[in-house]
1. Here are some conditions: (1) in a loop (DSSP other than H, G, I, E, B); (2) at pLDDT 95 or above; (3) closer than 30 Å to residue 232 by Cα; (4) out of contact with any helix residue (DSSP H, G or I) (no Cβ under 8 Å at 6 or more places or on another chain). Residue 166 meets all but one. Which one does it not meet?
2. Quick test of your reading of the structure: residue 234 fulfils all but one of (1) free of Cβ contacts under 8 Å to residues at least 24 places away in the same chain; (2) in a loop (DSSP other than H, G, I, E, B); (3) closer than 20 Å to residue 145 by Cβ. Name the failing condition by number.
3. Would you check if residue 159 is within 19 Å of the chain's Cα centre (by Cα) and closer than 22 Å to residue 85 by Cβ?
4. Please pick out the residue among 181, 143 that is farther than 25 Å from residue 245 by Cβ and out of contact with any strand residue (DSSP E or B) (no Cβ under 9 Å at 6 or more places or on another chain).
5. Give 181, 171 a once-over and let me know the one that is farther than 21 Å from residue 98 by Cβ, surrounded by fewer than 19 Cβ atoms within 10 Å (Cβ to Cβ) and at pLDDT 95 or above.
6. So which helices (runs of 4 or more DSSP H) stay within the stretch 53-150 end to end and still have 2 or more residues that are surrounded by fewer than 18 Cβ atoms within 10 Å (Cβ to Cβ)?
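The values are calculated or read from the model by the stated rules, or taken from the named source; none is laboratory data. A quick note: this is a predicted structure, and the numbers were derived from the prediction, not measured. Heads up, the Cβs are rebuilt from the backbone with ideal geometry, glycines too, and the neighbour counts pull from every protein chain shown.
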């Protein structure tokens, strides 16, 4: 073979490889999973229930918006949403309303929590959410886990608000934080009735029946508890805000579709 032909052939081989790579186009992103048809937007079942989806915002224990939250909306299995509507009907007659902080939670959000908990240098939100807990103990003490019942679709975090509901001011990243277990006037403002601690407070005072919670604070917790339990919800004893509707439609499945209207498209 002449030298010039051999040289041209040697150049042609890598050029052909580059052209083949270019023609294949960019790698296609994997589409997000969709929710099963048993899931609904709470606002479609009961638009009167207030929604303050904290993990879409930086006002949570990580200090950042959480993976998987794309819209400020509550998604639940239909039986849980319909039972919550019945609870709301009872409270509206008293001049109260429910407010949800979190509902269905994607597995990717839970993974985000786990990674955050392992980063011991990131303690931006400690002064509000876990002032009396060392971050090294979050797994051991049960505040963070690799799986959450929220990802099964029938668990939610909520509170009670007196009507007419007053607005809650937005959190400003970097603002001075105060302990979630302090007196109400010293905690970050929330239009919720006084439950004795703020939402997502990593502290034993958040235990629903903690004996140190008395008076109006205890009465408020009991109003929420009795209202929810009469309609099939079960409280997590360590968190006054945490309830699961029983029986769960998906007791063993942890979903990962994003919190977004498009996850429900086609229902």
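1. Checking residue 166 against (1) in a loop (DSSP other than H, G, I, E, B); (2) at pLDDT 95 or above; (3) closer than 30 Å to residue 232 by Cα; (4) out of contact with any helix residue (DSSP H, G or I) (no Cβ under 8 Å at 6 or more places or on another chain), the one that fails is (2).
2. Only one criterion in (1) free of Cβ contacts under 8 Å to residues at least 24 places away in the same chain; (2) in a loop (DSSP other than H, G, I, E, B); (3) closer than 20 Å to residue 145 by Cβ is unmet by residue 234, namely (2).
3. Yes.
4. 181
5. 171 is the lone residue from the list that is farther than 21 Å from residue 98 by Cβ, surrounded by fewer than 19 Cβ atoms within 10 Å (Cβ to Cβ) and at pLDDT 95 or above.
6. 78-92, 107-118
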